[in-house]
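Peer 1: Can you keep this structure in mind? I'll have questions shortly.
The values are calculated or read from the model by the stated rules, or taken from the named source; none is laboratory data. Only a predicted model underlies this, so the values are computations on that prediction, with no experimental measurement involved. Because the Cβ atoms are built from the backbone with ideal geometry, glycine has one as well, and the counts that use them run over all protein chains shown. Side chains are part of the model used for accessible areas, which takes the heavy atoms of the whole protein and leaves out ligands, DNA and RNA. Shrake-Rupley method; radii C 1.70, N 1.55, O 1.52, S 1.80 Å.
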Amino acid sequence: MKQSAVYPGTFDPITLGHVDVVNRGLKLFDHVVIGVAENPNKEPMFDLEARLRMVSQTFQDESRVEVVAFSGLLVELAQTQKAEAILRGLRAASDFEYEFQMATMNRRLDEKIETAFVMAREDYTFVSSRFIREISSMGGDVSALVPESVIPYLEGSK
Ligand code: ADP
């Protein structure tokens with residue numbers, strides 16, 4: 001039987017850390033559905049359409065990856081996508097507390113859905129969307145840390 005996972009996030013913007021998490025997820029699952037969260041209360045820098053386009057372009061050649069928008073409950077996304085698991089990435093111990101709470105809550109909401117954690121490559125442990133936004137807005141070069149599709153968006157040409 002085909003196994004799938006949903007990988008939720010804000011992806012504001014998608015980074016090579018996220019890409020690495022997806023590629024590791026593809027070693028464990030046949031199919032990864034990336035759920036781009038609307039997340040209006042986080043006041044994202046890029047609107048949902050732009051975030052969806054950046055993620056879709058990044059994985060346009062990977063038939064096992066699908067990109068969808070979602071608002072609402074993560075377990076509902078997993079249920080509608082018929083996914084067995086939620087995929088999340090861990091960078092450092094500082095991620096753990098929040099991830100642990102979220103995984104526990106999601107298990108309370110639907111105990112059939114497992115949360116699977118993977119660690120990105122060491123060179124990406126310091127990479128976060130927030131730092132990409134900050135460094136780029138101050139004119140720093142982040143081109144080695146994001147997929148190519150993101151660069152025009154950071155340069156404001158899209
Ligand atoms: P959220 O708003 O849900 O935290 P993010 O887009 O910031 O969404 O992150 C989505 C997931 O990707 C989270 O599980 C986060 O820990 C993970 N992640 C982000 N960057 C990295 C990275 N560099 N290495 C490993 N995991 C990462």
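Peer 1: Between R64 and Q79, what is 0.36 nm times their sequence separation minus the Cα-Cα distance? Round to one decimal in nm.
Peer 2: Separation in residues times 0.36 nm, less the Cα-Cα distance, equals 3.6 nm.
Peer 1: Which value, in Å², gives the accessible area per residue of segment 1-60 when a 1.4 Å probe is used on the protein heavy atoms? If you can, show how the numbers build up before the last one.
Peer 2: Working: 2720 Å² over 60 residues.
Computed with neighbouring chains in place, this is 45 Å² per residue.
Peer 1: When the helix-only estimate is applied to the chain (DSSP H runs of n ≥ 4, each -39,500 (n - 2.57), divided by the residue count), what is the mean residue ellipticity at 222 nm, nearest 500 deg cm²/dmol?
Peer 2: It comes out at -11500 deg cm²/dmol, rounded to the nearest 500.
Peer 1: Using 7 Å Cα-to-Cβ label points, what is the E38/A116 separation (nm, one decimal)?
Peer 2: Reported label-point gap for E38 and A116 is 2.9 nm.
Peer 1: What percent of all Cα-Cα pairs in segment 53-141 falls into each 5 Å bin, going from 0 up to the bin containing the maximum distance?
Peer 2: Going out from 0 Å in 5 Å bins, segment 53-141 shows 3, 10, 16, 18, 22, 18, 9, 3, 1, 0 percent.
Peer 1: Would you grab the residues whose amide H sits under 5 Å from the one on T10? Only those 5+ places off in sequence or on another chain, please, with H modelled 1.01 Å from N.
Peer 2: Amide H neighbours of T10: A37.
Peer 1: Rg and Dmax in Å for segment 54-99, alpha carbons only: what are they?
Peer 2: For segment 54-99, the Cα radius of gyration and maximum Cα-Cα distance read 13.3, 35 Å.
Peer 1: Need the full-extension length gain, Q3 to E134, defined as separation in residues times 0.36 nm minus the C-alpha distance. One decimal, nm.
Peer 2: Length difference between fully extended and current span is 43.5 nm.
Peer 1: Quick one: if you stick a label point 7 Å off each Cα along the C-beta vector at D47 and S71, how many nm between them?
Peer 2: So the label points at D47 and S71 sit 1.4 nm apart.
Peer 1: From Cα pairs below 8 angstrom and at least 6 apart in sequence, can you work out the relative contact order of the chain, rounded to a whole percent?
Peer 2: Over the chain, the number comes to 31 percent.
Peer 1: Could you work out the Rg to Rh ratio of segment 4-156, with Rh taken as the Kirkwood radius (inverse of the mean 1/r over all Cα pairs)?
Peer 2: With Rg and the Kirkwood Rh in hand, the quotient comes to 0.94.
Peer 1: While we're here: Taking amide H positions as placed in the peptide plane 1.01 Å from N, state which residues far from A69 in sequence (5 or more) or on other chains have amide H under 5 Å from it.
Peer 2: Correct list: V36.
Peer 1: List the aspartates and glutamates whose alpha-carbon lies under 19 Å from that of K82, not counting same-chain residues fewer than 8 positions away?
Peer 2: D30, E66, D110, E111, E114
Peer 1: Continuing with the same structure: May I ask you to give the percent of accessible area on the chain that is carbon plus sulfur, with a probe radius of 1.4 Å?
Peer 2: 51
Peer 1: Can you figure out the FRET efficiency of K27 with D95, using R₀ = 25 Å and their beta-carbon distance, to the nearest 0.05?
Peer 2: Working: r = 20 Å, r/R0 = 0.82.
E between K27 and D95, to the nearest 0.05, is 0.75.
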